Amino acid sequence: MKHLFPLLFFCLLAACSGRPGAAVSGNLDWNLFRGEPSLSGYTATRLPEKPVLLWTYKGESRTVSSPIVKNGTTYWCDKRGGIRGVDLKGEAVFAYDLQTAVEATPMIADSMLYIGRVDGFMTAVSLSTRDTAWNYETMGQISASPNRVEFEGRQALVFGSYDNYLHCIDAQTGEALGRFESGYYLNGAAAIRNSYILFGGCDAWLRIVDSRTGIQTDSLELDAYVPASPAVREDDCYVGDYSGTIYELVLKEGKIARHRKMVSAESENGSFVSMPAVTEKALYFLSGDRYLHSINRKTGETNWKYLLKGNTGESSPLVCRDQIMVCTKTGMVSILDADSGKLLWEYDTGESITASPAVIKDHFMILTAKGTLFCFGEQ
């Protein structure tokens, strides 16, 4: 195994410890994919009690990006490279054209928006000056959102590329701090837990890198390639592969203390392309046969499963306290009771959804593949 350059990924701050809901607790920010660094799919922010559609904004191009939110303004990037910002009134307040294809979800830190591009560049765009601050070149497509770490007192980004490397760069300057070589494409985002970075790849391996040393501390070969990202809660990591299997890894000081197959594929339609969501007691996931499942994390037994009104896809379920929200490729947005699986609310957008939702105080945002942003809140 190859090591990162000396001192790579040194000293993650406690602020990026990956505590579920740590980054979102009722404010107006949802700064990165899944809301916080551990990518757990859980937030302490409550959903509106009786959601209604407040407004829609129609973008200019199709997108596979998920929405992110900063100070109430929702940002995303479309397939043509157009970055859009829409405020809580549904009015466009930001626009910038990268003039190249983009499939990744952006991330915002301070007043900078970071976005990976299909041509292999990670670009930093200043929201204040509305200009490109820097470009960092990899040798392959960047398909997922970066995650945020601290390196020697500097803000840093960590992300994968189709050049088979996990990259770490200075967030302010775009300077390369180092990289770690994997066996094949890296398609999903990396999750962060304490001082450890967890990521899966198209070589079917789940890897753990110690940010303090830059050395791989452990790895696990799965049954098939990993199309999405791992979800981490405390010392447990859950990751799905394309065969439809979900693994549970129990972590101890960067090592895999034990692991098991939490869910095994039951049919050819069981392929797993979205991320699971993890709470204290349950694991939630979408299967290719149109079901939303709830699994007891301790026993591995099924709590309940709910047949959705449409095919599932890349959109990942999100638990908001005691409720769970899920979107389908056929455009349905559903909210269920997380304990019982009882349907509480649903809405048909009429457009395909592959993005994951964003949740802020009193609102949630749904972005469709056509580039339409739906804002829901209290009436």
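The values are calculated or read from the model by the stated rules, or taken from the named source; none is laboratory data. These figures come from a predicted structure and were not determined experimentally. We place every Cβ from the backbone using ideal geometry, glycine too, and count neighbours over all the protein chains shown.
Computed quantities for the displayed model
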| item | result |
| --- | --- |
| Every pair of residues 6+ apart whose Cβ atoms lie under 9 Å, when the first sits in region 28-54 and is free of Cβ contacts under 8 Å to residues at least 24 places away in the same chain and closer than 26 Å to C237 by Cβ while the second is surrounded by 24 or more Cβ atoms within 10 Å (Cβ to Cβ) and among the basic types (K, R) | none |
| Residues within region 334-371 that are under 17 Å from R290 (Cα atoms) and crowded, with 23+ Cβ neighbours inside 10 Å, tallied | 4 |
| Qualifying residue in region 239-253 (condition: over 22 Å from the mean Cα position of the chain (by Cα) and not basic (K, R)) | yes |
| Out of S340, S264, S294, S334, sole residue that is of a type in the set (G, A, S), farther than 21 Å from D29 by Cα and in contact with an Asp or Glu (Cβ under 7 Å, 6 or more places away or on another chain) | S334 |
| Given (1) β-branched (V, I, T); (2) within 16 Å of L32 (Cα to Cα); (3) in contact with a His (Cβ under 9 Å, 6 or more places away or on another chain), index of the condition I215 fails | (2) |
| Condition broken by N135, with the remaining ones in (1) touching an Asp or Glu at 6+ places or on another chain (Cβ under 7 Å); (2) over 21 Å from G35 (Cα atoms); (3) modelled with pLDDT of 95 or more; (4) not acidic (D, E) satisfied | (1) |
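Yes or no, residue by residue, for (1) buried (at least 18 other Cβ atoms within 10 Å of the Cβ); (2) of a type in the set (D, E); (3) in contact with a Leu (Cβ under 6 Å, 6 or more places away or on another chain); (4) farther than 23 Å from T354 by Cβ:
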| residue | (1), (2), (3), (4) |
| --- | --- |
| R80 | no, no, no, no |
| Y96 | yes, no, no, no |
| Q99 | no, no, no, yes |
| T123 | yes, no, no, no |
| S128 | no, no, no, yes |
| R154 | no, no, no, yes |
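Rundown of residues vs (1) under 14 Å from I197 (Cα atoms); (2) assigned to a loop (DSSP other than H, G, I, E, B); (3) aromatic (F, W, Y), yes/no style:
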| position | (1), (2), (3) |
| --- | --- |
| D223 | no, yes, no |
| A228 | no, yes, no |
| S243 | no, yes, no |
| H259 | no, no, no |
| V273 | no, yes, no |
| Y284 | no, no, yes |
